[in-house]
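K.L.:
Structure below; questions to follow.
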Amino acid sequence: MPSSARPGGAITLREVGPSDHASIAAILTRSYPHEPTVTAEQIGWIIGRADPQRPKVALVAEAEGAIVGFGYLRGAPPLPGLLLNVEVDVSHRRRGIGTRLLEAVTTRAADHGLSTMVSVVAADTGSLAFAARHGFVERDRRSESKIDLSTFDVNAFADVLQRAADRRIRFAVMADIDTPEMRRRLFTLANQVTGDMPSVDPMEPLTYDQFVAAWLEGPSARRELLVIGLEDDDPVAVSMVTVFPGGIAYNWMTGVMPSHRGRGLGLAAKVEALRRAKAAGIDEVWTENHNRNAPMLAINARLGYEPMPEVVQLVRG
Ligand SMILES: CC(C)(COP(=O)(O)OP(=O)(O)OC[C@H]1O[C@@H](n2cnc3c(N)ncnc32)[C@H](O)[C@@H]1OP(=O)(O)O)[C@@H](O)C(=O)NCCC(=O)NCCS
């Protein structure tokens, strides 16, 4: 039903406070039933980690005493521009709430000159129509996928690890080899890998401090699950598992130095990362890929990752 045909109750918008995090988490859990349950703790973490240098606006919409939607605009290094989430609870859509939230968030962050990105589930034609109506155009598509570690059998990949060993590559985790020199070398590898990701919007290089926070010392970093492939003492491959608030484990930032690509080291690093994660008692690992990243999608399929619904990334400005 078009919003113009249904007046609905009074809607008020106000700034998000910590006591709203549980309601926001519940809205997200209802919207994305294929995803793990979202917790208030995760929302607090996401809101807290916005880039302080870029505009940040976080609003909730209230109707009939309940929180029925939220809008959140922020910078999230290493991504350029701004990320926008506008979410309306499934039972309150088509009442104009999304439009109110989007316009309010945009107005409060006026004059930044930055592009704004949103993500919409590809099968959600209604939300895509909303995004198009507000001037967003498709830039990219990506998918999350997940692997059940209870059925992941590292022995099935013994040949992969053996081939790496035959090439004199040994795998270690950062927790065991962490030195100032190794941090510097890993920083170089991190920015190489990040810069080479096949994204429409290339990632900005991390500063050393951002690298340390995201990869080594942030609340989700797990140096004991940060796998590094070493040739002598030189890091040439990497794959990390981080554990976000709420316990969701993510495998990301898998990469190989250009000089060492095409030799199975990306797959071997991921096998080793999953082996370590399973040994650490993690049940399930998630990952996300751009759909143009054919080599990584092939690796994930071989490992047994199950693809989740495709997500469209759209940009305005
Ligand atoms: C996208 C979303 C925020 C829209 O919220 P909403 O409050 O339902 O949207 P509105 O009522 O303000 O809709 C405004 C216009 O968008 C378009 N639209 C919104 N939902 C639509 C649907 N299901 N089908 C077709 N058009 C739709 C229509 O043009 C609508 O105007 P109309 O109702 O007068 O025809 C909501 O569907 C949602 O939370 N989706 C999941 C999150 C998401 O993908 N967010 C990113 C969006 S940029």
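K.L.:
Being in a helix (DSSP H, G or I), within 13 Å of the ligand (Cβ to nearest atom) and surrounded by 19 or more Cβ atoms within 10 Å (Cβ to Cβ): is that true of ILE43 here?
P.N.:
no
K.L.:
Could you identify the single residue in GLU217, GLU224, GLU204 that is among the charged types (D, E, K, R) and touching a strand residue (DSSP E or B) at 6+ places or on another chain (Cβ under 6 Å)?
P.N.:
Exactly one residue qualifies, and that residue is GLU224.
K.L.:
Can I ask one more? Please tell me if ASP20 is at pLDDT 95 or above and not assigned by TED's automatic domain parsing to the domain that holds PHE244.
P.N.:
Judged against the criteria, ASP20 is a match.
K.L.:
In the range 48-74, which residues are in contact with a strand residue (DSSP E or B) (Cβ under 6 Å, 6 or more places away or on another chain) and closer than 23 Å to ALA249 by Cα?
P.N.:
ALA50 - this is the single residue of the range 48-74 that is in contact with a strand residue (DSSP E or B) (Cβ under 6 Å, 6 or more places away or on another chain) and closer than 23 Å to ALA249 by Cα.
K.L.:
Hey, another quick one. Please work out if ASP159 is among the acidic types (Asp, Glu) and near the ligand (Cβ under 8 Å from one of its atoms).
P.N.:
Here the answer is no, as ASP159 does not meet what is asked.
K.L.:
Among the residues of the range 75-129, which ones are away from the ligand (no atom under 11 Å from the Cβ) and in contact with a Gly (Cβ under 6 Å, 6 or more places away or on another chain)?
P.N.:
Once the filter is applied, which keeps residues that are away from the ligand (no atom under 11 Å from the Cβ) and in contact with a Gly (Cβ under 6 Å, 6 or more places away or on another chain), the range 75-129 yields LEU82, LEU114, SER115.
K.L.:
I'd like to check something: does the range 247-257 contain any residue that is surrounded by 20 or more Cβ atoms within 10 Å (Cβ to Cβ) and either farther than 22 Å from GLU224 by Cα or touching a Cys at 6+ places or on another chain (Cβ under 9 Å) (or both)?
P.N.:
No: zero hits.
K.L.:
Kindly indicate whether THR99 is in contact with a Ser or Thr (Cβ under 8 Å, 6 or more places away or on another chain), closer than 21 Å to VAL315 by Cβ and among the polar types (S, T, N, Q).
P.N.:
Spelling it out, THR99 is indeed in contact with a Ser or Thr (Cβ under 8 Å, 6 or more places away or on another chain), closer than 21 Å to VAL315 by Cβ and among the polar types (S, T, N, Q).
K.L.:
In addition: Scan the range 292-317 residue by residue and report those that are assigned to a loop (DSSP other than H, G, I, E, B) and farther than 27 Å from GLY246 by Cα.
P.N.:
Of everything in the range 292-317, those that are assigned to a loop (DSSP other than H, G, I, E, B) and farther than 27 Å from GLY246 by Cα turn out to be ARG292, ASN293, GLY317.
The values are calculated or read from the model by the stated rules, or taken from the named source; none is laboratory data. Note that the structure is a prediction, hence the values are computed from the model and not measured. Because the Cβ atoms are built from the backbone with ideal geometry, glycine has one as well, and the counts that use them run over all protein chains shown.
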